[in-house]
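Chemist: Sharing a structure below in structure tokens format, with a few things to ask.
The values are calculated or read from the model by the stated rules, or taken from the named source; none is laboratory data. Quick caveat, the model's predicted, so the values are computed rather than measured. All Cβ positions, glycine included, derive from the backbone under ideal geometry; neighbour counts span all protein chains shown.
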There are 2 protein chains.
Amino acid sequence: MSVTLEILPLAQKVKVRKKALLSEALREAGVPLSLYCQGRGVCGKCLVEVLEGKLPLFRPGEEEVLKRSGLSSRHRLACQYVVDSDLRLRIPERSLLGRVAVLDPAFEARLPFDPVLKKFTVQLPRPEVANAEAELDVLLRAIKSGPLDVPLTVLKALPSSLQASGRLVTAVVREGRELLAVEPGDTSAAVTGIAFDLGTTTLVAELVDLSSGRNLGREACLNSQAAYGADVVSRISLAYEDSGRAAILRRAVLSDMNRLVRALASSAGLSLDRIQAASVAGNTAMNHLFLGLPVDSLAVAPFNPVFSSLPDLPASELGLDIHPQASVYVAPNIRSFVGGDTSAGLAASRFSEGRTTALFLDLGTNGEIVLRHRTRMWATSTAAGPAFEGMNISCGMLAVPGAVFKVEPEADGFRCSTVGDAPAKGMCGTGLIDAVSLSLERGLLTPQGQVTSASRTIPLAGGLSLIQKDIRELQLAVGAVKAGIRLMLEANGLKASDLEEVLIAGAFGSYLSVEHSVRLGLLPDVDRRVVRFLGNASLAGAKAFLVSVPSRQKAEDTAARIEHFSLASRPAFQDVYISSLEFGPWK
Amino acid sequence: MSVTLEILPLAQKVKVRKKALLSEALREAGVPLSLYCQGRGVCGKCLVEVLEGKLPLFRPGEEEVLKRSGLSSRHRLACQYVVDSDLRLRIPERSLLGRVAVLDPAFEARLPFDPVLKKFTVQLPRPEVANAEAELDVLLRAIKSGPLDVPLTVLKALPSSLQASGRLVTAVVREGRELLAVEPGDTSAAVTGIAFDLGTTTLVAELVDLSSGRNLGREACLNSQAAYGADVVSRISLAYEDSGRAAILRRAVLSDMNRLVRALASSAGLSLDRIQAASVAGNTAMNHLFLGLPVDSLAVAPFNPVFSSLPDLPASELGLDIHPQASVYVAPNIRSFVGGDTSAGLAASRFSEGRTTALFLDLGTNGEIVLRHRTRMWATSTAAGPAFEGMNISCGMLAVPGAVFKVEPEADGFRCSTVGDAPAKGMCGTGLIDAVSLSLERGLLTPQGQVTSASRTIPLAGGLSLIQKDIRELQLAVGAVKAGIRLMLEANGLKASDLEEVLIAGAFGSYLSVEHSVRLGLLPDVDRRVVRFLGNASLAGAKAFLVSVPSRQKAEDTAARIEHFSLASRPAFQDVYISSLEFGPWK
């Protein structure tokens, strides 16, 4: 026996089995609804409006929930509705199963919306003398949950939360495992997390609405640790020699993070304890320093990290100024020098799920390179130095207002575009690549990197110019990445032309010119259509870990599965590196 | 195809399937071995000695483990040994699956030995450059464990533990879920927990060797909260009126507990941080006060507790001076006035598993009564007052040295036996019951409790005597218990003679005279052979939660399943109570 569903606004008509659960029937018909509470009938997220057809009676409490949400008496929960006649339905937009974009919208990898925190608002009955059940049990039954971990602080506050609100409370549940808070009243509209990209040079944080995946704000700042060393290696050395210094480095980055937290919370009009989840993506050294772990093993061969993946840690233990019970997830490390920033980027782009031959590049102070071929993946890291971030360059700067990010040829010189159209103050990584590539084309440089003019400088626009040392810095950075890619391809019997995808993450963002990169040899000379820019994939991955919990397990599996490709231990490395220092396209 | 196993010292011959795993074959033959590590081949607990038959090659690392343990080259791990020829085996005593007695040996309920903490000693390989894996991953693989929760403190100490001991370490794992510590060297011989019975009047603690279930010491002290009120109700009132007082009560019991911890650790020659697990069984009010939970809901109708069962809490959060990461399990509350002490006692005696019609009595300041009939259980609590503990009696005292615990008739008086054969200093509960029963028999008292002599006193031995008020105190206590039992039996259409088991837990221990209890009416007039004394079942249950983890889930299930039998809300209660005040046997 079957009945017919007419589904608006999709203008779809489907036949479904009579007596089927409506949510099931819709899923089978290709219209999956949000089952935030796993079909337990408590979250009210799978509402449908019955325009024509037989309405089942309200379930106990259902009518009150609908009224509180300002819904009509023709709304019902699809996860509780047994279909037994033809129906004409309207599915509200909010009931459709969310998929959430964590990367720039241009990149279509979308993740199933399944946030780390879920809120359930319930009106608890008054306790009865005849069966004076424990308050916690009454609450867990109301949200139809099994046993949860319950921090003592939550238990202590439970009676007063119940009393403050006439027993209408909102339970905040982390990953179906922990009762993180019980808030008086209906607070289900606001549930917030914060994602951090812990870069060696810059920190970026994004405040995320966990009920929708929406961005509530983004802030960045320089990493104060930079005062103690521009690159990871110098900071590790410092911390290794003196554990007091390690504590200073930890406090430096923590105070940066807390500054970002306060700035974001204040713009969003939130109190700090409303931020109830966090995730952190940073390279291995950055996350070891942030967690206060010894970095000794990162300082000496064989450079093995203390951990790869970790369960959530409480914010209070880490010193993050958000809700003290907030869970903090740290993106898994792949190896010592391929860290959580890379695993986050891979998670955001769903890299491990693809089956093409593909390259993932994250070009910062370290260049991380991941190659995927058939079902295998290899990762390596190559010390590019800070040139790509505009550092150690005479006129270099980060990609902030006033930085030249694009250089184009003009009649007898260069036209420079700056971030924010501000007067040119310096040159960031992408501008440097353009400028060097154009200089090469005009013969101002040899392919070996020699500046041909007597002055050994290349004047650009607005008083900026490049000196011989700047060219050498870029040459070393490009050569390191090029050698890494070449060795990984060769070791697996691949040529650059075999690459079906080249994904570029990192500080470069979408400013990087593929054309100039290919001319210098930073990227292999591939079909330009296979190159994609991911933007800040590390931050996107950190966000993915908040709004799509299954991405955590995927990232951990990926980190465990990726094979370590050690450049240093390959006999050909020195040769390939030296031959990669020459500018020029390669295939 | 089958082969023959000759099993010594059991002198048993069995045929088993060829190619079977030896541990499996032995289990099927009714000789279950200890599978502490669930057959992962890492704990070395299922060793067998192969006297005749084909020995398999050592597995990597197996020989070293055997040598370290001083075992012969003919020993093998049964969980790794595939049988392919006839064998003559000797099974060392230590390899047989442990069952552990938590109650007095006279009571045979034994629990499967499955301690909350397990230790795994492993020699980790040196990390390699070619595949510089995370230290944590290397450790987890060595102990063949999946992902575990890892506190940050453990992770921070991991590198130094590895370094301190040439990478020979002992991992302490809680319930297969958390890596509680990584200790340098082989510390597998010492793994210790502490069980607490948190009584209203007295606290008892037992130090437990979690590698064997052995008792390492027992200490008791008075509950310092008694200074603020002799019974639970007065302490709840105090805490309810003034949260400052609640904090004082919490600190009082905590400092008692920590005093017991220090005394036990010092006698056993252990440092405090070697105590890595704890369990606490106390009534609902006691555990709420200990946890620092509000007791408001316990003070007013409908008297519902804040929690029934809870996951483990860290010792450091509770203020217990043991290993800061030690997990503390709190025995589940059944209802407000039937608490964790009762659920612990039920767990220790495996009460919920029986199918006879049975009564469980815990007679302290509150009398807890649990009735089991077919598959159902009911629990109630009745306010007996502290008479059973020798309190509020003119010459009363706890059952400590000098207390009269037994009174027997002599020619023209009474012969008193005292605890520790010390000079009589006072009378404890069991002595009081004997003395009052004998006084009744001699006509020194009426069944209504009236002292017949003009002086209104009953002289006993050694200058001790009972006064009219003492008789009234006992009469109220006995009447409360009797009324409770009568109502529960009647409500279920049962008579006392239907009882197939009467289990008595609590302070009375084995001193209570069944005969005198029956003559007064405290116990129904049942076949004496069905009465069993459990001793301190609350402490035994707390110990069960440490040495036999499955008993936790059973206790939680029992707490959820037991039906609340509210005496106060039964119309017949007052009548039955008043008629129960008269001394005399009943059926």
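Chemist: Please give the number of the condition A:F303 fails out of (1) modelled with pLDDT of 95 or more; (2) farther than 17 Å from A:V253 by Cα; (3) aromatic (F, W, Y).
Modeler: (1)
For every residue, the table says whether it meets (1) assigned to a strand (DSSP E or B); (2) of a type in the set (A, V, I, L, M, F, W, C).
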position: B:D256; (1), (2): no, no
position: B:V261; (1), (2): no, yes
position: B:L270; (1), (2): no, yes
position: B:D273; (1), (2): no, no
position: B:Q276; (1), (2): yes, no
position: B:F290; (1), (2): no, yes
position: B:F303; (1), (2): no, yes
position: B:S308; (1), (2): no, no
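Chemist: Give B:K19, B:K45 a once-over and let me know the one that is touching a Phe, Trp or Tyr at 6+ places or on another chain (Cβ under 8 Å), in a loop (DSSP other than H, G, I, E, B) and in contact (Cβ under 8 Å) with a residue 40 or more places away in the chain.
Modeler: Only one candidate passes the filter, namely B:K45.
Chemist: Here is a follow-up. Quick one: which residue in B:I485, B:I471 is buried (at least 23 other Cβ atoms within 10 Å of the Cβ) and over 22 Å from B:G345 (Cβ atoms)?
Modeler: So the residue among B:I485, B:I471 that is buried (at least 23 other Cβ atoms within 10 Å of the Cβ) and over 22 Å from B:G345 (Cβ atoms) is B:I471.
Each row is one residue, and each column tells you yes or no for (1) in contact (Cβ under 8 Å) with a residue 60 or more places away in the chain; (2) in a helix (DSSP H, G or I); (3) β-branched (V, I, T).
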site	(1), (2), (3)
A:V404	yes, no, yes
A:G443	no, no, no
A:S455	no, no, no
A:Q475	yes, yes, no
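Chemist: Something else about it: For B:L103, state whether it is within 22 Å of the chain's Cα centre (by Cα) and either in a helix (DSSP H, G or I) or touching a residue at least 40 places away in the same chain (Cβ under 8 Å) (or both).
Modeler: In short, yes.
Chemist: I'd like to check which strands (runs of 3 or more DSSP E) are fully inside the range B:166-249 and have at least 1 residues that are aromatic (F, W, Y) and in contact (Cβ under 8 Å) with a residue 24 or more places away in the chain.
Modeler: Output list reads B:192-198.
Chemist: Just to be sure I understand, how many residues within the range A:374-424 are within 18 Å of A:S465 (Cα to Cα), at pLDDT 85 or above and among the acidic types (D, E)?
Modeler: Residues in the range A:374-424 being within 18 Å of A:S465 (Cα to Cα), at pLDDT 85 or above and among the acidic types (D, E): 2 in total.
Chemist: From the set of residues in the range B:150-165 that are in contact (Cβ under 8 Å) with a residue 40 or more places away in the chain and assigned to a helix (DSSP H, G or I), which is farthest from the other protein chains (Cβ to nearest Cβ)?
Modeler: Ranking the qualifying residues of the range B:150-165, first place goes to B:V154.
Chemist: Can you find even one residue in the range B:215-234 that is aliphatic (A, V, I, L, M), farther than 30 Å from B:V172 by Cα and buried (at least 21 other Cβ atoms within 10 Å of the Cβ)?
Modeler: yes
Chemist: Quick one: in the range B:274-299, which of the residues that are over 22 Å from the mean Cα position of the chain (by Cα) and in contact (Cβ under 8 Å) with a residue 40 or more places away in the chain is farthest from the other protein chains (Cβ to nearest Cβ)?
Modeler: This residue is B:A299.
Chemist: For the range B:167-179, does any single residue satisfy the condition of being of a type in the set (V, I, T), more than 10 Å from every other protein chain (Cβ to nearest Cβ) and either out of contact with any Ser or Thr (no Cβ under 7 Å at 6 or more places or on another chain) or closer than 21 Å to A:E556 by Cβ (or both)?
Modeler: Checked against the condition, which is being of a type in the set (V, I, T), more than 10 Å from every other protein chain (Cβ to nearest Cβ) and either out of contact with any Ser or Thr (no Cβ under 7 Å at 6 or more places or on another chain) or closer than 21 Å to A:E556 by Cβ (or both), the range B:167-179 yields at least one hit.
Chemist: Here is a further query. Got at least one residue in the range A:56-66 being within 30 Å of A:T170 (Cβ to Cβ), crowded, with 20+ Cβ neighbours inside 10 Å and of a type outside the set (S, T, N, Q)?
Modeler: The answer is yes, given that some residue of the range A:56-66 is within 30 Å of A:T170 (Cβ to Cβ), crowded, with 20+ Cβ neighbours inside 10 Å and of a type outside the set (S, T, N, Q).
Chemist: Return the residue satisfying two criteria in turn: it lies in the range B:538-555 and is in contact with a helix residue (DSSP H, G or I) (Cβ under 8 Å, 6 or more places away or on another chain) and farther than 19 Å from B:R214 by Cβ, and of such residues it is nearest to the other protein chains (Cβ to nearest Cβ).
Modeler: That would be B:R552.
Chemist: Quick one: how many residues across the range A:310-322 are in contact (Cβ under 8 Å) with a residue 12 or more places away in the chain and surrounded by fewer than 23 Cβ atoms within 10 Å (Cβ to Cβ)?
Modeler: 6
Chemist: Shifting gears a bit: Being in contact (Cβ under 8 Å) with a residue 24 or more places away in the chain, of a type in the set (D, E, K, R), within 14 Å of another protein chain (Cβ to nearest Cβ) and farther than 27 Å from A:L222 by Cα is true for just one of A:E501, A:E563, A:E582. Which residue is that?
Modeler: A:E563
One line per residue, one yes/no per condition, for (1) in contact with a Pro (Cβ under 7 Å, 6 or more places away or on another chain); (2) outside any loop (DSSP other than H, G, I, E, B); (3) at pLDDT below 90:
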residue: A:S510; (1), (2), (3): no, yes, yes
residue: A:S517; (1), (2), (3): no, yes, no
residue: A:L522; (1), (2), (3): no, no, no
residue: A:V526; (1), (2), (3): no, no, no
residue: A:A540; (1), (2), (3): no, yes, no
residue: A:A544; (1), (2), (3): no, yes, no
residue: A:A555; (1), (2), (3): yes, yes, no
residue: A:A560; (1), (2), (3): no, yes, no
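Chemist: Then there is this: Can you tell me which residue in the range A:154-208 is nearest to A:L103 (Cα to Cα), limited to those that are over 29 Å from the mean Cα position of the chain (by Cα) and among the small types (G, A, S)?
Modeler: A:G185
Chemist: Of all residues being in contact with a His (Cβ under 8 Å, 6 or more places away or on another chain) and among the polar types (S, T, N, Q) in the range B:334-389, which is nearest to B:V502 (Cα to Cα)? Just the residue, please.
Modeler: It comes out as B:T357.
Chemist: Follow-up question, since we're still on this one. Might you check whether a residue that is within 38 Å of the chain's Cα centre (by Cα), of a type outside the set (S, T, Y) and over 30 Å from A:F360 (Cβ atoms) occurs anywhere in the range A:469-490?
Modeler: Yes, the range A:469-490 contains at least one residue that is within 38 Å of the chain's Cα centre (by Cα), of a type outside the set (S, T, Y) and over 30 Å from A:F360 (Cβ atoms).
Quick grid of which residues meet (1) among the β-branched types (V, I, T); (2) over 23 Å from A:P324 (Cβ atoms); (3) not assigned by TED's automatic domain parsing to the domain that holds A:R59:
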| site | (1), (2), (3) |
| --- | --- |
| A:E133 | no, yes, yes |
| A:I143 | yes, no, yes |
| A:T153 | yes, no, yes |
| A:P159 | no, no, yes |
| A:E175 | no, no, yes |
| A:T201 | yes, yes, yes |
| A:G213 | no, yes, yes |
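Chemist: Still on this model: Condition check: within 10 Å of another protein chain (Cβ to nearest Cβ) and modelled with pLDDT of 95 or more. Does A:L310 satisfy that?
Modeler: It is false that A:L310 is within 10 Å of another protein chain (Cβ to nearest Cβ) and modelled with pLDDT of 95 or more.
Chemist: Could you check the range B:25-42 and list, in sequence order, the residues that are outside any loop (DSSP other than H, G, I, E, B) and buried (at least 17 other Cβ atoms within 10 Å of the Cβ)?
Modeler: Answer for the range B:25-42, where residues must be outside any loop (DSSP other than H, G, I, E, B) and buried (at least 17 other Cβ atoms within 10 Å of the Cβ): B:A25, B:L26, B:L33.
Chemist: Could you say which residue among B:R456, B:R415 is surrounded by fewer than 17 Cβ atoms within 10 Å (Cβ to Cβ) and more than 35 Å from the chain's Cα centre (by Cα)?
Modeler: Unique residue meeting the criteria: B:R456.
Chemist: For the range A:239-257, which positions are under 23 Å from the mean Cα position of the chain (by Cα) and surrounded by fewer than 16 Cβ atoms within 10 Å (Cβ to Cβ)?
Modeler: Across the range A:239-257, the qualifying residue is only A:S255.
Chemist: Let me ask something else. For the range A:132-149, state whether one or more residues are away from chain B (no Cβ under 11 Å) and crowded, with 21+ Cβ neighbours inside 10 Å.
Modeler: Yes: the range A:132-149 contains one or more residues that are away from chain B (no Cβ under 11 Å) and crowded, with 21+ Cβ neighbours inside 10 Å.
Chemist: Name the strands (runs of 3 or more DSSP E) wholly within the range A:316-390 that hold at least 2 residues that are within 14 Å of chain B (Cβ to nearest Cβ) and touching a Pro at 6+ places or on another chain (Cβ under 9 Å)?
Modeler: Strands (runs of 3 or more DSSP E) meeting the threshold: A:327-330.
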